[in-house]
Amino acid sequence: MECLVQYLDDLEDLLYALALKAERIRQTLRFFLSMVAAVALQAGGVYIALKNPPLAVAVASLLLVGLLFRAVVGPAPEARPA
C-alpha cells in the first residue's frame, strides 16, 4: 500500500511540474506573438504610407483620436506622494 501512495505522490508532482512548465511556455509564446504583431503593424503602416499617403494620415488620425479618448475617459493614474 505504501508503494501505491508513493507512486501517486510522484505522479502528482509530475503533473504540477508540467503545469508550471506550460505556464512558462504560454508566457513565452504570448511574448513572441505580441512582438510579431507589433512588427506586422509597423510594416503594414509603412506599406500603407508608401502606397497611399492620405490613407496613412487618416489611419494615424483615427489612432490618435482613439488614444486621446482613452486617455480622457480611462481611469486616472494614481498620484505619487511627494
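The values are calculated or read from the model by the stated rules, or taken from the named source; none is laboratory data. Everything numeric here is computed off the predicted structure, so don't read it as measured data. When we count neighbours, we look across all protein chains shown, and the Cβ atoms used for this are built from the backbone with ideal geometry, even at glycine.
Can you find a residue in the range 73-80 that is part of a helix (DSSP H, G or I) and at pLDDT 90 or above? Within the range 73-80, one or more residues are part of a helix (DSSP H, G or I) and at pLDDT 90 or above.
For every residue, the table says whether it meets (1) exposed (fewer than 10 other Cβ atoms within 10 Å of the Cβ); (2) out of contact with any helix residue (DSSP H, G or I) (no Cβ under 8 Å at 6 or more places or on another chain).
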site: PHE31; (1), (2): no, yes
site: VAL36; (1), (2): no, yes
site: ILE48; (1), (2): no, no
site: VAL57; (1), (2): no, yes
site: LEU63; (1), (2): no, yes
site: LEU68; (1), (2): no, yes
site: VAL72; (1), (2): yes, yes
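Applying a threshold of 7 Å to beta carbon distances and a minimum spacing of six or more residues, or different chains, the list of pairs starting in the range 21-45 at a residue that is more than 19 Å from LEU62 (Cβ to Cβ) and ending at one that is of a type outside the set (A, V, I, L, M, F, W, C) and surrounded by 10 or more Cβ atoms within 10 Å (Cβ to Cβ) is empty.
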